[in-house]
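The values are calculated or read from the model by the stated rules, or taken from the named source; none is laboratory data. All of these numbers come straight from a predicted model, not from anything done at the bench. Note that each Cβ is placed from the backbone with ideal geometry, even for glycine, and that neighbours are counted across all protein chains shown.
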Amino acid sequence: MKSNGAANVVFRGDNPFGVDPDFYSRLPVPDADSPTWSATYYWSAWNPQAGVGVYVHMGVETEDKNLSWAQVFAYLPNDMVVADRSWGRSPDRRGPTTGNFRAVCTEPLRRWSLKFDGAGELVSCAEMATRLVGAGFAVPMAFEVDWIATTPVWDLFKAVDIGSSDIGHVHHEQVGVSRGWLRVGDREFGGEWRLDGMAFRDHSQGPRDVRPFGGDHLLGFYFPNTKRSLQILMFWNKAGEFQFRIASLHQGDELEIIPDVEMTGVERGAKKPTSLHDLLGNPKTFKIKLGTRHGPVTLEGQILHTCNISVMGANTNVNGSAINIPGDHLLLAECQARLTWPDGDVGYGFFERTYAKSLLASAR
């Protein structure tokens with residue numbers, strides 16, 4: 001059963017979309033016959049007490065699909081970020097690997113081990129919003145994260161009838177919690193922190209050409225007191241026209257698909273999205289409105305930290321901002337944020353806002 005985009009649908013069980021455990025846990029075999037075939041991964045972990053976290057965006061090189069790249073970021077206090085970009089070949093199919101980073105699924109459909117040992121450029125959020133980063137003054141960085149799912153795998157193409165798409169043939173999202181540590185070796189901004197907190201992952205694969213994209217919202221939050229989880233996904237084209245918007249709310253054994261979802265700047269009826277003003281992540285406060293089957297709900301949101309990546313051409317991912325480079329590149333604000341339910345329940349998680357440069361107000 002799928003949502004047709006007009007009515008709420010409820011799924012139940014530990015694996016409501018029938019995701020293959022081997023597909024979940026194994027590195028995919030590239031489609032040699034598809035020149036635009038790609039596989040990408042997101043993982044994030046955020047400690048709300050310390051205000052620190054990590055974010056990993058990983059994929060395959062278009063010209064050599066057995067070569068993986070990883071963009072790895074540490075969110076540090078005082079609006080600082082450490083940014084690294086590395087490449088490598090996985091020795092087996094147990095998970096994607098580069099020279100500095102490795103991800104291995106330790107329990108199919110539920111658990112990942114994430115390890116990084118390397119270095120990255122130390123940069124402020126303000127500077128990252130103006131240029132590409134990753135090749136400047138580097139500081140040592142290492143982390144280990146035990147990533148543990150709190151929700152079943154959410155499968156976009158099995159949950160919602162969205163028709164044809166340029167974002168691949170598979171798109172999975174999953175909310176979780178994290179246990180681990182982060183260490184940064186810099187005298188002024190370095191230290192060691194726990195990474196015990198809220199987590200999110202995303203995986204997509206199939207043919208991908210982002211040049212028609214206008215942007216997206218990708219959100220995954222966990223509320224530890226009530227064990228609620230919320231996911232939201234929206235896409236629009238270069239004209240600013242919305243292609244689809246969908247939310248899912250997981251509580252207990254139920255996963256509710258919610259087509260009626262709005263955010264500040266991407267309300268129903270909006271002709272163009274205005275939810276991101278600049279690459280610093282402004283506005284830093286926002287509202288989310290959900291039309292749940294039990295009635296409307298409005299959540300209050302706050303951005304806590306931001307780093308940037310850019311996608312150039314068909315699918316070339318770089319660290320930092322390409323805002324000053326000619327071309328209508330995709331500019332991404334990769335944020336950690338807080339959400340508050342009307343009953344006072346507080347959750348934390350990952351919130352991506354992607355805009356084509358032609359649609360971003362601060363770039364015009």
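Which of the residues belonging to segment 109-140 are assigned to a loop (DSSP other than H, G, I, E, B) and either under 30 Å from N15 (Cβ atoms) or hydrophobic (A, V, I, L, M, F, W, C) (or both)?
Those that are assigned to a loop (DSSP other than H, G, I, E, B) and either under 30 Å from N15 (Cβ atoms) or hydrophobic (A, V, I, L, M, F, W, C) (or both): L109, R110, A129, V133, A135, F137.
Taking the conditions exactly as written (under 30 Å from L339 (Cβ atoms), under 17 Å from the mean Cα position of the chain (by Cα), crowded, with 20+ Cβ neighbours inside 10 Å and among the hydrophobic types (A, V, I, L, M, F, W, C)), does V52 satisfy them or not?
yes
Exactly one of (1) in a loop (DSSP other than H, G, I, E, B); (2) over 23 Å from T40 (Cβ atoms); (3) in contact with a Leu (Cβ under 7 Å, 6 or more places away or on another chain) is unmet by V297. Its number?
Among (1) in a loop (DSSP other than H, G, I, E, B); (2) over 23 Å from T40 (Cβ atoms); (3) in contact with a Leu (Cβ under 7 Å, 6 or more places away or on another chain), the lone unmet condition for V297 is (1).
Need the failing condition index for D253 against (1) touching a strand residue (DSSP E or B) at 6+ places or on another chain (Cβ under 9 Å); (2) closer than 30 Å to R364 by Cα, just the number.
Just one mismatch for D253, condition (2).
List pairs: first in segment 266-277 and of a type in the set (S, T, Y), second outside any loop (DSSP other than H, G, I, E, B) and surrounded by 15 or more Cβ atoms within 10 Å (Cβ to Cβ), Cβ under 8 Å, 6+ apart or cross-chain?
If the second residue must be outside any loop (DSSP other than H, G, I, E, B) and surrounded by 15 or more Cβ atoms within 10 Å (Cβ to Cβ), the pairs left are S275/H217; S275/M263; S275/F286; S275/R353.
How about segment 171-187: which of its residues are of a type outside the set (D, E, K, R), over 30 Å from G240 (Cβ atoms) and outside any loop (DSSP other than H, G, I, E, B)?
Scanning segment 171-187 gives G176, V177, S178, G180, W181, L182, V184.
Quick one: in segment 60-69, which of the residues that are of a type outside the set (K, R) and more than 21 Å from M141 (Cα to Cα) is surrounded by the most Cβ atoms within 10 Å (Cβ to Cβ)?
V60
Search segment 298-310 for residues being among the hydrophobic types (A, V, I, L, M, F, W, C) and surrounded by fewer than 21 Cβ atoms within 10 Å (Cβ to Cβ), and hand back the single one that is nearest to H217 (Cα to Cα).
By that ranking, first place goes to I303.
Output the strands (runs of 3 or more DSSP E) that fall wholly within segment 188-293 and possess 1 or more residues being charged (D, E, K, R) and surrounded by 16 or more Cβ atoms within 10 Å (Cβ to Cβ), or say none.
197-207, 213-223, 228-237, 242-251, 254-258, 261-263, 285-292
Considering only residues of segment 138-166 that are β-branched (V, I, T) and modelled with pLDDT under 95, which is nearest to L109 (Cα to Cα)?
V160
Identify all residues within segment 319-364 that are among the polar types (S, T, N, Q), in a loop (DSSP other than H, G, I, E, B) and surrounded by fewer than 23 Cβ atoms within 10 Å (Cβ to Cβ); write none if there are none.
Scanning segment 319-364 gives a single hit, N324.
I'm checking my understanding of the structure. Among residues of segment 70-108 that are in contact (Cβ under 8 Å) with a residue 60 or more places away in the chain, small (G, A, S) and part of a loop (DSSP other than H, G, I, E, B), which one is surrounded by the fewest Cβ atoms within 10 Å (Cβ to Cβ)?
S90
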